[in-house]
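What follows draws every value from the coordinates through simple rules; no lab data is involved. Since the model is a prediction, treat every value here as computed from it, not as a measurement. Cβ: placed from backbone, ideal geometry, glycine included. Neighbour counts: every protein chain shown.
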Amino acid sequence: MKSNQHGATLIVTLMVVLVVTIIGVLAIRIAMTTLNISTNAQLNQFLSQTADTPINQVYTSDLSTMVDLSGAIGYALEDNKIEPGNEYIFCYRPTSSEKFGASFNVTTLRPPVKNAAANTKATVAYGGASGFCDLTKDFGSKREAVVTQVAVKIPSGALEDLPPGAMLARGTTLSGGTILPKNLVEQQRVRVTTTAIVPMYANDVDAAQACIGTDATKPGYINDNVDEDTKGKVTVAECLADLGVPVTSQVQEFNLQTLFEQIQAPD
């Protein structure tokens, strides 16, 4: 009888140990899941902030230097008159002393034709390899964490397709009696797409680089598929996301207004 009691005690002890082990494993899994969710949220926030930085730089830059031919936006506006629909890409390199979006670092991409397959890559119309980000070295800081590809495009959609008031300047309130300036002579739309990437999480950096492209012989996908002609085409961000690479893309459209200002009274 005494030995039977010892056997029952051993079984109960083993059951308790098993239950405690299961509870411990579940607690660890829950903690790991919570940590992963928290890490992903922090990473997404970091990527969003990084992708937003070049857009903010467009906001804060001297417009006169942005629209001249030495800058990506000015180059895009001028080249669009000759061959509309192209995409003008450059790598955001804030640690470099070169001008932000300098035209000599711009590569002009020609998007695939409208009836091409969705996964058709772009072709290089002008420029070399300088416009493509290198995922092994073109980091935005010394932390070597994020690489940001920037694309500029002049929208091809008709102004009539825009929602009412989309082309009004900031501070314009028609309901309050504020009207468009009489000296407004021209309005131009410019769309900027930024793609922030964390290469260290890529299982295959070469495959991730192929999404972006390297040069005229190995171009990547387009960055902007908003227009009707490119709708449904695979973008760099979509390609990277399919590979499991953390990526965030942001799109901002600007309305550039040209005003005629008389600085000297006529004789």
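Taking 7 Å along the Cα-to-C-beta vector as the label spot, tell me the residue 82-residue 142 distance in nanometres, rounded to one decimal.
According to this spin-label approximation, the distance is 4.2 nm.
Okay, which of the stretch 221-258 sit inside 19 Å, backbone N to the point 7 Å along the Cα-Cβ direction of residue 115?
228-234
Can you list the lysines whose alpha carbon sits under 19 Å from that of residue 81, skipping same-chain ones fewer than 8 residues off?
The reachable lysines, counting only those whose Cα sits under 19 Å from residue 81, are 153.
How far is it, in nm, from the label point at residue 15 to the one at residue 204 when both lie 7 Å from their Cα along the line to the Cβ?
5.2
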